[in-house]
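The next block holds one structure in the form of structure tokens; read it before the comments.
Just so you know, all these numbers are worked out from the coordinates, no wet-lab data involved. The structure presented is a predicted model; accordingly, all values stated were derived computationally and were not measured. We place every Cβ from the backbone using ideal geometry, glycine too, and count neighbours over all the protein chains shown.
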Amino acid sequence: MTEQNENTGNWNQPWLWFTLAPLILSVVLGLTMLAISIKVQDGLVTDDYSKEGLAINERIEREVTAKEKNIQISLKFDDITGDFVADFKSDLESHPEKLLLEIIHPVKSDLDVIVYLTHQINGRYIGQLAQTVQQKRYLRVSDPDNNIWVLVDEFQFPLKDTITLKAN
């Protein structure tokens with residue numbers, strides 16, 4: 001009986017498999033994670049951090065300018081027609097010819113929407129949204145011709161009431 005136990009290989013011993021199982025599992029999971037990381041692009045990571053940092057500083061300067069000029073926009077959205085109506089108030093000498101309204105998705109840039117609001121009369125601007133927008137979005141309003149100020153805030157779509165954008 002002892003001869004038969006000596007001739008059986010170590011692979012039949014449970015302690016060997018108990019010891020090797022975590023090692024084998026680690027190698028298999030590691031290779032799986034490596035394959036996934038190679039195949040899937042990480043679109044949320046920015047390649048150039050220095051440019052992003054400079055852009056943040058520029059945006060802060062533009063927000064400070066909006067506060068200094070007392071820029072305030074009341075924005076009303078009609079979800080049936082898709083029309084935006086904006087009332088613009090500021091200490092600027094004249095009203096811009098058009099405003100750039102960016103409706104920005106927090107994570108996916110392909111869901112961002114741009115609407116140009118054209119000046120009608122006495123600080124009233126009108127623009128049309130071509131597609132429906134749902135969920136939380138960031139609204140950014142600026143003058144596309146004279147890029148010195150910006151207003152940014154966060155809202156839940158669809159907008160039910162008139163909202164007011166002003167510099168903090």
Checklist entry - the chain: longest stretch without exposed trypsin sites (Lys or Arg not before Pro) (DSSP loop, at most 16 other Cβ within 10 Å), sites themselves excluded? => result 1-68
Item to check | Around Val85: net Lys/Arg minus Asp/Glu count, Cβ-Cβ under 11 Å | outcome: -1
Item to check | GluC sites (Glu not before Pro) within the stretch 70-144, DSSP loop, no more than 13 other Cβ atoms inside 10 Å | outcome: Glu93, Glu97
Checklist outcome for this item: The set of residues whose placed amide H lies less than 5 Å from the amide H of Ala167, leaving out same-chain residues fewer than 5 positions away, is Ile71
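When each pair of different Cα atoms in the stretch 49-168 is counted once in the 1/r mean, what is the Kirkwood radius in angstroms, to one decimal? Before the final figure, lay out the partial values.
Working: mean 1/r = 0.0679 Å⁻¹.
In the stretch 49-168 this quantity evaluates to 14.7 Å.
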Item to check | Residue of Leu54, Leu92, Leu23 that the Gaussian network model of the chain assigns the largest fluctuation, springs spanning Cα pairs under 10 Å | outcome: Leu23
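In the neighborhood of Gly127, defined by Cβ-to-Cβ distances under 15 Å, what is the net charge if each Lys or Arg adds +1 and each Asp or Glu adds -1? It would help to have the intermediate numbers written out before the result.
Working: positive: Lys76, Lys98, Arg124, Arg140; negative: Asp78, Asp79, Asp83, Asp87, Glu97, Glu102, Asp143.
My count for the surroundings of Gly127 gives -3.
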Checklist outcome for this item: Scalar couplings 3J(HN,Hα) for the stretch 132-140 by Karplus 6.51 cos²θ - 1.76 cosθ + 1.60 (θ = phi - 60°), nearest whole Hz, x for Gly and Pro, are 7, 10, 10, 6, 6, 9, 9, 9, 10
Checklist entry - Taking Cα atoms, how many degrees apart are the long axis of helix 49-68 and the longest axis of the chain, rounded to 10 and kept between 0 and 90? => result 30 degrees
Checklist entry - Taking amide hydrogens as modeled 1.01 Å from N in the peptide plane, which residues meet the under 5 Å criterion relative to Leu129, leaving out close sequence neighbours? => result Asp83, Phe84
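Would you mind calculating the relative contact order of the chain from Cα pairs under 8 angstrom and at least 6 residues apart, reporting the percent as a whole number?
Working: 248 pairs, mean separation 37.3, N = 168.
Computed value for the chain: 22 percent relative contact order.
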